């Protein structure tokens, strides 16, 4: 397992950036670099289930089953990934998911020169690190664009 780290400076207050990251309409926009049509089904409260979903290459529903490990509004969000969704079916027990179940994805929001610095750190298996190294900067730039609008 590797840990990836990303950050971006956004010229908007933490409250707005946090809202743009989690609110349904803006979430769908900034996550497009990961999967066009992606969305989240969760209330974002600590301990809540979270489904991060989108269409797969065949048009079926796929994605991740996760849990909100922590949510301190405007400061920190931590997500624990538990499994996958394939064709609308949750899988948290197969051998395919055991290798990375429990991986964390964390967002930290800090005041920075009148704006906000967003820091992202995530656990990832080495086979997917390159893909996320390509997609995260694009997603964060999209978050910056909608937060500064």
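Quick notes on this one:
- Out of 111, 127, 121, 134, sole residue that is out of contact with any strand residue (DSSP E or B) (no Cβ under 7 Å at 6 or more places or on another chain) and touching a residue at least 12 places away in the same chain (Cβ under 8 Å): 111
- Selection from segment 8-36 of residues that are under 28 Å from residue 126 (Cβ atoms) and either loosely packed, with under 13 Cβ neighbours inside 10 Å or in contact with a helix residue (DSSP H, G or I) (Cβ under 8 Å, 6 or more places away or on another chain) (or both): 8, 21, 27, 30, 31, 32, 33, 34, 36
- For residue 60, the test of being out of contact with any helix residue (DSSP H, G or I) (no Cβ under 7 Å at 6 or more places or on another chain) and within 17 Å of residue 116 (Cβ to Cβ) is failed.
- Hey, residue 45 closer than 22 Å to residue 145 by Cβ and either assigned to a strand (DSSP E or B) or at pLDDT 95 or above (or both) or not: no
- Test: residue in segment 96-103 that is surrounded by fewer than 15 Cβ atoms within 10 Å (Cβ to Cβ), touching a strand residue (DSSP E or B) at 6+ places or on another chain (Cβ under 9 Å), touching a residue at least 60 places away in the same chain (Cβ under 8 Å) and under 23 Å from residue 3 (Cβ atoms): no
- Residue match in segment 57-74 (condition: touching a residue at least 40 places away in the same chain (Cβ under 8 Å) and closer than 26 Å to residue 13 by Cβ): yes
The values are calculated or read from the model by the stated rules, or taken from the named source; none is laboratory data. This one's a predicted model, so the numbers in the text were calculated from it and none came from an experiment. Using ideal geometry, Cβ is built from the backbone for each residue, glycine included, and neighbour counts are taken over all protein chains shown.
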